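S.K.: If you scroll down you'll find the structure; I have some questions about it.
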Amino acid sequence: MRLTYPTWATIVLLAAASVGAQAPPPPPPADQRPAPAAAPAREPRPEETQFDAEAVQRGQELLVARCGFCHGSNARGGATGPDLTRSPMVQEDENGKQLGEFLKVGRPERNMPKFELTPQELTDLATFLHAAIYQIGNRGAYKILDILTGDARAGEAFFQGAGRCASCHSATGDLQGVGAKYEPATLQERMLMPRARRRRGPPGERPTPPWTEPNAVKATVTIPPAVSFTGVLVRLTDFDVTIYDPETKQMRSWLRKDDLPKVVLMDPLQAHMDMLRKWTDDDMRNVTAFLAGLK
């Protein structure tokens, strides 16, 4: 099955002439143009819970040295030990009290030895475990740092050249101002995974059907001898196919047998999907820096 790639953006040049007006100076050579400005750093979010960073560090080092051989270096489980962040005893622990009582006796029947820890070690270990549990339960509050570490000029060169991004997009067309519209982390996510899992809307709000999205997969269904219908793909199996007509807002369905009627798909985002296997870390960071500077 061969997929086609539509051109999504064109550059429209506007020219105005007046009597006596002077022609504008030619643009500077590409190698002399200033690099796009970097996006401003995002304001840090206030954290709901604070943990002593030094205690967390000491607690992790202690866990690696004394417990990591069973429970892993991050307490999420190892070759023989369970995930400590899922332990009810650890979750209900109060600053190491319950944890300390447990460690004094261990569980010999399960090859869990007892440990003698100092009060400071016990506090550090408990702090690390509670910080790990908090981070797991509050992934949405995680602050992504150091997104803009690439070279914007190199990113522009990749965008215009090897990456072939300019075959569908334009920095002065559909992507104009994209750096001001999205935070760098969101911008990078949309660049790498434009069809990521859709998020739910506010409670009570009816979700938008996926086939009404601008970049939904299109399908052309050909009925013998040569009648074709094109719409947005809703469902495709070996037994049936359904498409949605945006103009009439109606569904069309056909039963299928032996791959008939013939269905040809066209994914507007296929180029992004193909790039997932080709991105290097440097190219990804450089293009992100370039796009973030498009204000």
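S.K.: What is the sum of charges around Val178, taking Lys and Arg as +1, Asp and Glu as -1, for the other residues whose C-beta is under 14 Å from the C-beta of Val178?
M.R.: Spelling it out: positives minus negatives among the neighbours equals -1.
S.K.: In straight Cα distance, which lysines are under 18 Å from Lys295, not counting same-chain residues fewer than 8 positions off?
M.R.: By straight Cα distance, Lys295 reaches Lys181.
S.K.: To continue, here is another question. Can you tell me the length gained on complete extension of the stretch Thr280 to Val105, counting 0.36 nm per residue apart and subtracting the Cα distance?
M.R.: Residue separation times 0.36 nm, minus the Cα-Cα distance, leaves 58.0 nm.
S.K.: I would also like to ask the following. Using the 2.2 N^0.38 Å rule of thumb for compact globular proteins, work out how region 210-268 stacks up: its C-alpha Rg over that value, please.
M.R.: Dividing the Cα radius of gyration by 2.2 N^0.38 Å gives 1.05.
S.K.: Taking every alpha carbon pair in region 53-141, what does the distance histogram look like in 5 angstrom bins from 0, in percent?
M.R.: Taking every Cα pair in region 53-141, the percentages come to 3, 15, 25, 31, 18, 5, 2, 1.
S.K.: Now a separate question. Over all directions, the average projected area of the alpha-carbon convex hull for region 170-278 comes to how many nm²?
M.R.: 10.2 nm²
S.K.: Please sort by residue number the trypsin sites (Lys or Arg not before Pro) in region 76-161 whose DSSP state is loop and whose Cβ has at most 12 other Cβ atoms within 10 Å.
M.R.: Lys114, Lys143
S.K.: Do any chymotrypsin sites (Phe, Trp or Tyr not before Pro) in region 149-255 lie in a loop, going by DSSP, with at most 14 other beta-carbon atoms within 10 Å of their beta carbon, and if so which?
M.R.: For chymotrypsin sites (Phe, Trp or Tyr not before Pro) across region 149-255 that sit outside H, G, I, E and B with at most 14 neighbouring Cβ atoms in 10 Å, the list reads Phe239.
S.K.: Any chance you could run the full-extension gain for Val264 through Cys168? It's 0.36 nm times the residue separation minus the Cα-Cα distance, nm to one decimal.
M.R.: In short, 32.5 nm is gained.
S.K.: How far apart, in nm, are two points set 7 Å out from the Cα along the Cα-to-Cβ line at Arg206 and at Glu116?
M.R.: 7.0 nm
S.K.: For Glu213 and Asp52, calculate 0.36 nm times their separation in residues minus their Cα-Cα distance, and state this gained length in nm to one decimal.
M.R.: 53.4 nm
S.K.: Separation between the Phe239 and Glu183 pseudo-spin-labels, each 7 Å from Cα along Cα→Cβ, expressed in nm?
M.R.: 4.5 nm
Rule-based calculations on the coordinates, nothing more; no lab input. In this text the structure is predicted, and so the values were computed from the model without any measurement. All Cβ positions, even for glycine, are placed from backbone atoms using ideal geometry, and neighbour counts span all protein chains on display.
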